[in-house]
Amino acid sequence: MTQFSLNGHTTSVDAPPMTRLIDVLREQLRLTGTKEGCGEGECGACTVLIDGLPVNACMIPVVQAEGTQILTVEGLAEDERLHPIQTAFINYGAAQCGICTPGFVVAAKALLDAQPNPSRTEVREALAGNLCRCTGYQKIIDAVVEALGGQP
Amino acid sequence: MNPVGIDIPRADGPSKVRGDAQYVDDIRPAGCLYGATVRSPIAHGKLLGIQKDPDFDWSDITVVTCLDIPAQNVVLLMTEDQPALADGVVRHVEEPVALVAASSPARARAAVAHIKVLVEALPAVLDPLTAQNNPIQIFGTDNVFKQISIHKGDKTDDGVIVEGTYTVGHQEQLYIEPQGMIAVPRADDGLTLIGSMQCPFYIVKAIAPMLGHGRINVIQATTGGGFGGKEEYPSMLAAHCALLSIKTGAPVKMIYQRDEDLRATTKRHPSVIKIRSVVSPQGELLQWDAEIIMDGGAYNTLTPVVLSRALLHLCGPYRCPRQHLEGVAVATHTPPNGAFRGFGAPQAMYAVERHMDAIARTIGMDPVAFRRLNLIRDGDTTPTGQALVDTGAHLVLDVALKAAEAEVKTPAIHPGGGVGRYARGRGVALVFHGCGFTGNGEARIKGKVAVELQDRCVQILTASTDIGQGVDTTFPQIAAAALGIGVSRVSNAPHDTAMVPDSGPTVASPTCMVVGGVLRTAALKLKAALQAETGLDTDDFDTLLDARTHTMALRVMAEYQDDGSMDWDDATYSGDAYPCYGWACSVVDLDVDLDTGEVLYRRYVSATDVGKAINPVIVEGQLEGGAIQGLGYATCEEVVLDDQGRMINDRLTNYIIPTTLDAPEMITRIIEIPYSGGPFGAKGIGEIPMDGPAPAVASAIEAAVGVVLNRLPMTPERVLSALEIKERS
């Protein structure tokens, strides 16, 4: 059994230790907001936070999650109230096809927690591990800067 | 408030930012099995069969070959040449040979690894330049999918002659969500197919001949990007899932892994383009001869249409009295190429704009001044003889150059630009893009749209899928504007072919312009029906609803009406090629790293005529997203094939698309030259942003370091090599 905190709830899973975290989340726990785009840590669609740091859930064996705090996209909104990053993504048109969006908003959350007032360059650096093929990134960066209270 | 022209937040925004939206891999029917594909290891060969490893446990594995196909072995598109599973011969590497189904994806992949494809290799044709009339036959008797000639005016050699050859490689669509499909058996012995796709009705038509019946309905799941890559290829997955589902009697899901997706699915057509032009010493274009050879791969797919669009754009947005265009699309033993945003035009526009730079260089004219002198104006004719109205080439050029006057703030991530090891340059490209289908395409397709009044809300029923381009938001805006109600009362119905009429495929950017127009008609018909029902002649929708004596649903349908304004002859390739054109100008600022050959984008400015921006934020998103694909096409996206035509850089670690650190800041200017046939003046805008970036980047590199690159992509290796050659000479 592996035990961790998932979106604030203590969670135990029975999975072979080398099972990828993304498979535990998606297949066992049916949290399908975390997406798989490449399976090799390049696209960032499976970004989740472990103890506040963004990681690719396709690269993490579940055994490494033992005792950690995991945040997935499903844990961002509080009840019906969207997180400001999520609201900004909607308002700025930062989500198009949406498959990369969960990874981006989770990665942006990590940035928000670590750096309350980042520059556009810092936003670009923080999101460099997430690929988007729809937006050209302009609207995503605008949204994140706006959500963090800066000027886009 | 009229909702057209307003930034209505996306209808699908909340579900996407929450992670609730259901993509195909998020859907798991009870008892679902998982499929995987056994593929050809070689480019061309006699298929002798498959051999199952006797030491593997096959007890829970189902295997399907072409012998299991109920009716015709074909995935039908324009022609019947492409089989669902190879039979007797393999014509490209990675061609599907057999299928397996198992209780988990990992188990299915393990089974695939224990199946050997028995093939006897035959000589393969991999080079498109030797394909035509090659004694090794791939398609027909001459390996030609399509050949087109367009001629306007006579010939002259009286002037300065400039010749050039321009080469472009494959490009992968690289939707972030890989291809995926689920087949679910129906109670009536039919199948429901649920998947990631652009064109649900394509799949119905593609696999009915294989099944031998039409008891199929196709449902689009939330789709994680398409860009053309999910136009025709999903039919192949649908065929495969269907075969496995029929044999197992269970639902079967297939999700491609990224490497498989890269190796096996369609790409942008590689092309070689030669242009020979004659100009007056003052810089007027006198003659423009261009030819394109396009590599279609092993099967026809949509290649003839791609060639057609390439050829129709191979003159650029320029006036010229003599234009002679020749195009041929050939077959090779490589995975079939297919639809990709721009559909032939990016290849053509790249060559045209490179050649315009070459002419300017030869006659010593400023490249922008040279373009301005020759750009096409109202009343000028295209190579097919179409007289243009409401041209916008001059306007987008002016607006883009004006916007580019703003100071370029180099991102801090780019070190020391313009000095030392960095050389700085600016490039400009001017493009046009024919909107919608070629010639009489719309009249042939006759797209249908239904709208249904349900209580006090309106549902839109179309086959126009939202693949991220925002049609679930813009269609309600169009209908709401036509009905005079709030956009929150209008929504798109799910795209299930059992429920919606065939509005035509979601391709070639006509969704908003053409289907949106039919939708507007349907909405107006709904209002008229309510007026007839209530006997009131008011335009106020709520007054009409209040006057109804019942609340029964009311559905009306509209169909695309050919207004007779298009005069096109497909046999001679003459007349009105497109109902209207969009215009765009790209201005790119960049630094070239002289030590590494790497191109660092500083800023990308574009001005694009969109007719009417139904939703400006969504339009900007299309323009910026298309631009980044074009910038990737320019410098980093390269498909490398081995001696069997197999893509060897089949991962995101070595097929490189731009990240946040590669993408420049963008200035995006929207120009609105309305198209009278589009809803509220809207034109198709999905593809035009793909056309300008690559030639603008080539031009900027030339301005920065004085090397002329006529091959895409302009990778650091190619830039460096050109710099070394320049230094030596």
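A count restricted to the range B:251-280 and to residues that are touching a helix residue (DSSP H, G or I) at 6+ places or on another chain (Cβ under 6 Å) and not in a strand (DSSP E or B) stands at 1. Looking at the range B:181-197, can you tell me whether even one residue there is touching a residue at least 12 places away in the same chain (Cβ under 8 Å), within 19 Å of B:Val112 (Cα to Cα) and touching a Gly at 6+ places or on another chain (Cβ under 6 Å)? Looking through the range B:181-197, at least one residue is touching a residue at least 12 places away in the same chain (Cβ under 8 Å), within 19 Å of B:Val112 (Cα to Cα) and touching a Gly at 6+ places or on another chain (Cβ under 6 Å).
Whether any residue in the range B:299-312 is assigned to a strand (DSSP E or B) and either of a type outside the set (A, V, I, L, M) or modelled with pLDDT under 95 (or both) is what I want to check.
Initial filter on the range B:299-312 (assigned to a strand (DSSP E or B)): none.
There is no residue in the range B:299-312 that is assigned to a strand (DSSP E or B) and either of a type outside the set (A, V, I, L, M) or modelled with pLDDT under 95 (or both).
Could you tell me whether the range B:125-137 includes any residue that is more than 14 Å from chain A (Cβ to nearest Cβ) and more than 22 Å from B:Tyr299 (Cβ to Cβ)? For the range B:125-137, residues more than 14 Å from chain A (Cβ to nearest Cβ) and more than 22 Å from B:Tyr299 (Cβ to Cβ): absent. Cβ-Cβ under 8 Å, sequence separation 6+ or interchain: first residue in the range B:658-670 and more than 7 Å from chain A (Cβ to nearest Cβ) and under 12 Å from A:Arg120 (Cβ atoms), partner of a type in the set (Asp, Glu) and surrounded by 19 or more Cβ atoms within 10 Å (Cβ to Cβ). Which pairs? Listed pairs, sorted by first residue: B:Pro664/B:Asp589.
The single condition among (1) surrounded by 21 or more Cβ atoms within 10 Å (Cβ to Cβ); (2) within 12 Å of another protein chain (Cβ to nearest Cβ); (3) not charged (D, E, K, R) that A:Leu82 does not satisfy is (1). Only residues that are in a loop (DSSP other than H, G, I, E, B) and modelled with pLDDT of 95 or more were counted across the range B:519-538, and they come to 3.
Please tell me if B:Gln459 is modelled with pLDDT of 85 or more, crowded, with 24+ Cβ neighbours inside 10 Å and under 25 Å from B:Gly678 (Cα atoms). When the stated conditions are applied, B:Gln459 does not pass them. In the set B:Pro41, B:Pro70, only one residue is at pLDDT 95 or above, in a loop (DSSP other than H, G, I, E, B), in the same structural domain as B:Ala206 (by TED's automatic domain parsing) and touching a Gly at 6+ places or on another chain (Cβ under 6 Å); that residue is B:Pro70.
Listed here are the residues, each with its yes/no results for (1) over 12 Å from the mean Cα position of the chain (by Cα); (2) at pLDDT below 95; (3) more than 10 Å from chain B (Cβ to nearest Cβ).
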| site | (1), (2), (3) |
| --- | --- |
| A:Leu21 | yes, no, yes |
| A:Glu42 | yes, no, no |
| A:Ile50 | no, no, yes |
| A:Glu78 | yes, yes, yes |
| A:Gln96 | yes, no, no |
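Restricting attention to the range B:29-77, the residues that are more than 25 Å from B:Ala206 (Cβ to Cβ) and either among the aliphatic types (A, V, I, L, M) or out of contact with any helix residue (DSSP H, G or I) (no Cβ under 8 Å at 6 or more places or on another chain) (or both) add up to 16.
Say whether the condition of being within 14 Å of chain A (Cβ to nearest Cβ) and either within 19 Å of B:Met349 (Cα to Cα) or free of Cβ contacts under 8 Å to residues at least 24 places away in the same chain (or both) is met by at least one residue in the range B:410-417. Break it down into steps so the answer makes sense when it comes.
Just the residues of the range B:410-417 that are within 14 Å of chain A (Cβ to nearest Cβ), to begin with: B:410-415, B:417.
Among the residues that remain, those that are also either within 19 Å of B:Met349 (Cα to Cα) or free of Cβ contacts under 8 Å to residues at least 24 places away in the same chain (or both) are: B:412, B:415.
Yes, the range B:410-417 contains a residue that is within 14 Å of chain A (Cβ to nearest Cβ) and either within 19 Å of B:Met349 (Cα to Cα) or free of Cβ contacts under 8 Å to residues at least 24 places away in the same chain (or both).
For the range B:79-96, check the following and say yes or no: at least one residue is out of contact with any His (no Cβ under 8 Å at 6 or more places or on another chain), polar (S, T, N, Q), under 30 Å from B:Arg444 (Cβ atoms) and not in a strand (DSSP E or B). Yes, the conditions are met somewhere in the range B:79-96.
From the list B:Ala700, B:Ala663, the one residue that fits, being part of a helix (DSSP H, G or I) and farther than 30 Å from B:Ala481 by Cα, is B:Ala700. Scanning the range A:107-152 for residues being small (Gly, Ala, Ser) and either at positive phi or within 9 Å of chain B (Cβ to nearest Cβ) (or both) gives a total of 6.
What about A:Glu66, is it under 29 Å from B:Gly470 (Cβ atoms) and not polar (S, T, N, Q)? No, not satisfied. When B:Gly630, B:Gly611, B:Gly564, B:Gly625 are checked against the criterion of being crowded, with 24+ Cβ neighbours inside 10 Å and in a loop (DSSP other than H, G, I, E, B), a single residue qualifies: B:Gly611.
Of all residues in the range B:397-424, those that are at pLDDT 95 or above and touching a Leu at 6+ places or on another chain (Cβ under 7 Å) total 1.
Does B:Asp7 satisfy the criteria of being farther than 22 Å from B:Met254 by Cα and either within 11 Å of another protein chain (Cβ to nearest Cβ) or surrounded by 22 or more Cβ atoms within 10 Å (Cβ to Cβ) (or both)? Reasoning before the result, please.
Working: farther than 22 Å from B:Met254 by Cα: yes; either within 11 Å of another protein chain (Cβ to nearest Cβ) or surrounded by 22 or more Cβ atoms within 10 Å (Cβ to Cβ) (or both): yes.
Against the criterion (farther than 22 Å from B:Met254 by Cα and either within 11 Å of another protein chain (Cβ to nearest Cβ) or surrounded by 22 or more Cβ atoms within 10 Å (Cβ to Cβ) (or both)), B:Asp7 qualifies.
For the range B:235-244, the count of residues that are surrounded by fewer than 23 Cβ atoms within 10 Å (Cβ to Cβ), in the same structural domain as B:Ser196 (by TED's automatic domain parsing) and closer than 29 Å to A:Gln96 by Cβ is zero. Within the range B:611-660, the set of residues being under 30 Å from B:Ile42 (Cβ atoms) and among the polar types (S, T, N, Q) comprises B:Gln644, B:Asn649, B:Thr653, B:Asn654. When the range A:23-40 is filtered for residues that are over 23 Å from A:Ala128 (Cα atoms) and either of a type in the set (Asp, Glu) or away from every other protein chain (no Cβ under 11 Å) (or both), the ones remaining, listed by number, are A:Asp23, A:Val24, A:Glu27, A:Gln28, A:Leu29. For the range B:132-174, a tally of residues being hydroxyl-bearing (Ser, Thr, Tyr) and not in a loop (DSSP other than H, G, I, E, B) returns 4.
Against the conditions (1) over 17 Å from the mean Cα position of the chain (by Cα); (2) of a type in the set (A, V, I, L, M, F, W, C); (3) crowded, with 21+ Cβ neighbours inside 10 Å, B:Val640 satisfies every one except (3).
Of the listed requirements (1) assigned by TED's automatic domain parsing to the domain that holds A:Pro16; (2) crowded, with 24+ Cβ neighbours inside 10 Å, A:Glu66 misses just one: (2).
Of A:Ser12, A:Ser5, all but one fail to be small (Gly, Ala, Ser), part of a strand (DSSP E or B) and free of Cβ contacts under 8 Å to residues at least 12 places away in the same chain; the exception is A:Ser12. Taking the condition more than 7 Å from chain B (Cβ to nearest Cβ) and on the phi < 0 side of the Ramachandran plot, does A:Gln69 pass? In short, yes. Exactly one residue out of B:Ala571, B:Ala577 is without any contact (Cβ under 8 Å) to a residue 12 or more places away in the chain, of a type in the set (A, V, I, L, M) and in a loop (DSSP other than H, G, I, E, B): that is B:Ala571. The residues of the range B:175-207 that are under 23 Å from B:Arg651 (Cα atoms) and assigned to a loop (DSSP other than H, G, I, E, B), listed by number, are B:Tyr175, B:Ile176, B:Glu177, B:Pro178, B:Gln179, B:Ser196, B:Met197.
The values are calculated or read from the model by the stated rules, or taken from the named source; none is laboratory data. Nothing here was measured: the structure is a model prediction, and the numbers come from that model. Here Cβ is always computed from backbone atoms with ideal geometry, including for glycine, and neighbour counts include all displayed protein chains.
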